[in-house]
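Step one of this worksheet: look at the structure below.
Throughout, read-outs are computed from the coordinates displayed, never taken from laboratory work. On a predicted model such as this, the values are computed, not experimentally measured, just so you know. With ideal geometry, Cβ positions are generated from the backbone for all residues, glycine too; neighbour counts draw on all protein chains shown.
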Amino acid sequence: MRRDITMLMEEVQPDQASFFMLTPLPGSMDHLEMTRRGEWMDSDFNQYDSFHAVQNHPNMTKEEWFNVYREAWKRFYSVENLTKVLHRASPESYWGIFKNAVWYAYATHCEEAHPMITGFWRLKGRTERRPTFPMESRLAYAWRRTKDTVVLSWRVLKLILMFEKIWRATWLTKRAAEWRESMAQAKEAQVQRQRRALAKAVAFLTYLHLRMGQSRAVWQDAWQLLKRGKLWHPRLYLDSVYGVFLSVSELLTRVWLFLMNFALET
């Protein structure tokens, strides 16, 4: 049975599991056949809830069988296995699985009962007892409930610390991984932007080099006209206007390159 629990957790890997003890329910064919064969069954029908040993096990005593049953619950809803379960959970299903795990673990570790018959913090009135049980005195009831409350409170505190540890090991780890991934994506996007900006800078540098050579040639041509005394030559005025245009565009290009380099450095 312990091997089956290990296989369930490591190979099947369900997000949630419930465990039951084989029970011949009164009125069923199993119960009828066992009655005809004269096999032993518990005479208290209150025990026939599939959470108690009401028949003999072929390989274990009633106590051993029940202890293995309790062990199955505690192993599945342990810190180690719940951490693995929540590590596998997607962000969309994480909190749903977490909530059910809290409920089942509370029933297992605090109430020591099946989750299907367990709520949170049972209210037990002094007068709410079966007719076959004697009524407790107020002092006996207060002492018993005080002990129950202290024990349950201590178990709940340990359960809270247990799930705080699980939460840190699963949800915070997921968020940290998401943050690292987003940072890597942002860095990659920044690198791509810098590559595009560098390509534009190379294109503009090439363009600037060509424009600088062109403006130099225009001004040299105008200077040659001035040296020959051709003050009224139409080319002199055309070269002057065109040279001013090229010089201004060259200046603006230099300013743009400076601003772009400053942005890349920051």
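Counted by neighbouring Cβ atoms within 10 Å, the residues 68, 191, 79 run from fewest to most as 191, 79, 68. Can you compute log10 of I(q)/I(0) for region 2-184 with the Debye formula, treating each Cα as one identical point scatterer, at q = 0.10, 0.13, 0.17, 0.20 Å⁻¹? For the requested q values the scattering log ratios are -0.58, -0.88, -1.19, -1.34. Taking the number of Cβ atoms within 10 Å of each Cβ as an exposure proxy, the fewest-first ranking of 34, 7 is 7, 34. When the GluC sites (Glu not before Pro) in region 1-107 are filtered for DSSP coil states and for at most 13 other beta-carbon atoms within 10 Å of their beta-carbon, the remaining sites are 39, 92.
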